[in-house]
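Trainee: This is the structure I want to talk about, given as structure tokens.
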Amino acid sequence: MRRSLALIGSALAAITLGATQTADVDVLEQVRSVEDRIAAIVRARPQGHLLALRADEAARNAEARVRADRWLSPAQAAARGRAWRDVGLGSGPEPGELLLALASDLDGMTLDASRTRLLVDPERLRADDGRGDPEQDAESSVLLATGVAPDEPVAGHYAAHALLDGADVAGPVTTDALLARASMAEGSANLAALLLLFGGVGLESEVVAGTLRPEDALGGRLVPGAMRSGSPAVTSLLQFVYLDGFAQMAALAKKADFGHVSRERQRRKTTRDVLHLDRAPAAAADLAVPAVPAGTGLSVVDRDVLGEQGIISLVSLTTGKDNLGMIAGDGWIGDALFRLEAPAERTDAGGLTVWVSRWATEEDAKDFAYGVERCLQARFPAVPVADDPGVGGRVLRESAAVHRITRSGVEVRVQVASQELDARLVVPEKKKGTERRGQPPRK
């Protein structure tokens, strides 16, 4: 009786949220039950319960947009897209699309911007779900086989987020940090969701072994639609988050329990740390803002970090060589992708992209520089990449921009600028060992 009164009170409190978000006592009851079961699986005590509400797609998208914009403003996301385009990772809109996909999470349900309310599509978590003829209704087969309604693991996914994630990340975020956090969060949430689904039939060991995976269960409900229909760059990065993230969190859970998973989530802040569970977390690299000659009117409008996974995706997608991508990303210590632009009133100055990276060894740095050069060859097959005897390093001059790759020891610098701006930024070397403005010193 007390529980029913509490649920009715929650429903009444939700009525003020507007026509696109409405209370449903049955949904409240079902989500509360799922939360209790997930709490037992992850061994966490709820600090409060999710308020489950009916919400249409427009309302869910609006809440996801608010959260994505908190991570990175639309203007900064657009500037980041121009840097990604310069280095070959998409055509421009991909950073914004990735942010929105991660904020939206799974189809049919999403957390609101405060992450205290679960917004549920009117067609999800219905009272009659899975209660038809199992021979004609796949959802009924799921309920009959597992005792779990088909949408309950999706609700369990969000309950795990509420129990395990802590406070939302504050913006502005880098791509690498966001991907690392999201991969562990989504991997943990789907691990809990699959244990909810299959735990009642004794298949926990298959879940933590990776035999039962989120993309294969429930018709793909536990992975976002954007992972199947997004642009190549967004699809690749979402696959890392939802597929690799699950595999890595399952590997951690197999060795211990959710307590161990939670501790590792606090330690591993980069995609390199997620990819290499056998390695100690990497220390943060200090990479300086590139110097720009006076009079260009340029200033930094975005500083991103692509990280090991961003590099793997870039090189693999551009060259079609997955192994080359893995080689190019291995040995990553740190990177900084700078986008420099002039104020709106100085658009004649153009924009500049500078990507600086640091590597564990000189061989790792050479492998990365080679991977970047192979990307240029794939993007501009009719234009050669050549040595620049006057400036040093490798250069490709195409109609829209000049692309430069220079290496100094374990650091590699990639620069992309218009022909006119490149001529202003690069000063030919007077003699060997002379430091050039806008370029790292040669050894």
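Trainee: Across the stretch 237-260, which residue is surrounded by the most Cβ atoms within 10 Å (Cβ to Cβ) among those that are closer than 14 Å to Ala182 by Cα and either over 19 Å from the mean Cα position of the chain (by Cα) or of a type in the set (Gly, Ala, Ser) (or both)? Full working, then the answer.
Mentor: Step one: list which residues in the stretch 237-260 are closer than 14 Å to Ala182 by Cα, which gives 237-249.
Narrowing the set further to residues that are either over 19 Å from the mean Cα position of the chain (by Cα) or of a type in the set (Gly, Ala, Ser) (or both) leaves 245, 247.
Values: Gly245: 28, Ala247: 14.
Within the stretch 237-260, the match that is surrounded by the most Cβ atoms within 10 Å (Cβ to Cβ) is Gly245.
Trainee: Take Asp367 and tell me if it is crowded, with 16+ Cβ neighbours inside 10 Å, part of a helix (DSSP H, G or I) and of a type in the set (D, E, K, R).
Mentor: Details: crowded, with 16+ Cβ neighbours inside 10 Å: yes; part of a helix (DSSP H, G or I): yes; of a type in the set (D, E, K, R): yes.
It is true that Asp367 is crowded, with 16+ Cβ neighbours inside 10 Å, part of a helix (DSSP H, G or I) and of a type in the set (D, E, K, R).
Trainee: Out of everything in the stretch 199-211 that is over 14 Å from Gln248 (Cα atoms) and either without any contact (Cβ under 8 Å) to a residue 12 or more places away in the chain or within 23 Å of the chain's Cα centre (by Cα) (or both), what residue ends up being surrounded by the fewest Cβ atoms within 10 Å (Cβ to Cβ)?
Mentor: Filtering the stretch 199-211 for residues over 14 Å from Gln248 (Cα atoms) gives 199-206.
The next check asks that each one be either without any contact (Cβ under 8 Å) to a residue 12 or more places away in the chain or within 23 Å of the chain's Cα centre (by Cα) (or both); those that pass are 202-206.
Working: Gly202: 8, Leu203: 17, Glu204: 16, Ser205: 11, Glu206: 14.
That would be Gly202.
Trainee: Could I ask something else about it? Can you name the condition, by its number, that Val395 falls short on among (1) closer than 16 Å to Thr319 by Cβ; (2) without any contact (Cβ under 8 Å) to a residue 40 or more places away in the chain; (3) part of a strand (DSSP E or B)?
Mentor: Here Val395 meets the rest and fails (1).
Trainee: Another one. Quick one: Gly350 ticks every box in (1) within 25 Å of Pro95 (Cα to Cα); (2) surrounded by fewer than 20 Cβ atoms within 10 Å (Cβ to Cβ); (3) modelled with pLDDT under 95 except a single one, so which number is it?
Mentor: Only one criterion is unmet by Gly350, namely (2).
Trainee: What tally of residues in the stretch 309-333 results from selecting those that are of a type outside the set (Ser, Thr, Tyr), part of a helix (DSSP H, G or I) and more than 15 Å from Leu237 (Cβ to Cβ)?
Mentor: The initial filter retains those residues of the stretch 309-333 that are of a type outside the set (Ser, Thr, Tyr), namely 309-312, 314-315, 317, 320-333.
Subsequent filtering for residues that are part of a helix (DSSP H, G or I) retains 309-312, 314-315, 317, 322-329.
Next, from what is left, pick out any that are more than 15 Å from Leu237 (Cβ to Cβ): 323-324, 326-328.
So the answer is 5.
Trainee: Also, I was wondering about something else. Is it the case that some residue within the stretch 366-383 is of a type in the set (S, T, N, Q), within 27 Å of Pro281 (Cβ to Cβ) and in the same structural domain as Arg413 (by TED's automatic domain parsing)? Show your work before the answer.
Mentor: Within the stretch 366-383, the subset of a type in the set (S, T, N, Q) is 377.
Subset that is within 27 Å of Pro281 (Cβ to Cβ): none.
No; the residues of the stretch 366-383 include none that is of a type in the set (S, T, N, Q), within 27 Å of Pro281 (Cβ to Cβ) and in the same structural domain as Arg413 (by TED's automatic domain parsing).
Trainee: Please go through (1) modelled with pLDDT under 90; (2) part of a helix (DSSP H, G or I) for His49 and return the number of the only condition it doesn't satisfy.
Mentor: It is condition (2) that His49 fails.
Trainee: I've got another one for you. Are any residues in the stretch 155-198 among the basic types (Lys, Arg) and over 13 Å from the mean Cα position of the chain (by Cα), and if so, which ones?
Mentor: Within the stretch 155-198, the first condition is being among the basic types (Lys, Arg), and the residues that meet it are 181.
The answer is none; no residue qualifies.
Trainee: Any chance you could count how many residues in the stretch 58-104 are buried (at least 23 other Cβ atoms within 10 Å of the Cβ) and at positive phi?
Mentor: Residues meeting the conditions: 0.
Trainee: Determine if the stretch 141-153 includes at least one residue that is within 24 Å of Leu53 (Cα to Cα), part of a helix (DSSP H, G or I) and at pLDDT 90 or above.
Mentor: The answer is yes, given that some residue of the stretch 141-153 is within 24 Å of Leu53 (Cα to Cα), part of a helix (DSSP H, G or I) and at pLDDT 90 or above.
Trainee: Being touching a Gly at 6+ places or on another chain (Cβ under 9 Å) and either closer than 26 Å to Arg45 by Cβ or assigned by TED's automatic domain parsing to the domain that holds Thr116 (or both) narrows it down to one of Glu186, Glu204, so name that one.
Mentor: On the way: Glu204 fails: touching a Gly at 6+ places or on another chain (Cβ under 9 Å).
After applying the criteria, what remains is Glu186.
Trainee: Determine whether the stretch 220-234 contains at least one residue that is at positive phi and modelled with pLDDT of 90 or more.
Mentor: Of the stretch 220-234, the ones at positive phi are 220.
Within this subset, residues satisfying the condition of being modelled with pLDDT of 90 or more are 220.
Within the stretch 220-234, one or more residues are at positive phi and modelled with pLDDT of 90 or more.
The values are calculated or read from the model by the stated rules, or taken from the named source; none is laboratory data. Only a predicted model underlies this, so the values are computations on that prediction, with no experimental measurement involved. With ideal geometry, Cβ positions are generated from the backbone for all residues, glycine too; neighbour counts draw on all protein chains shown.
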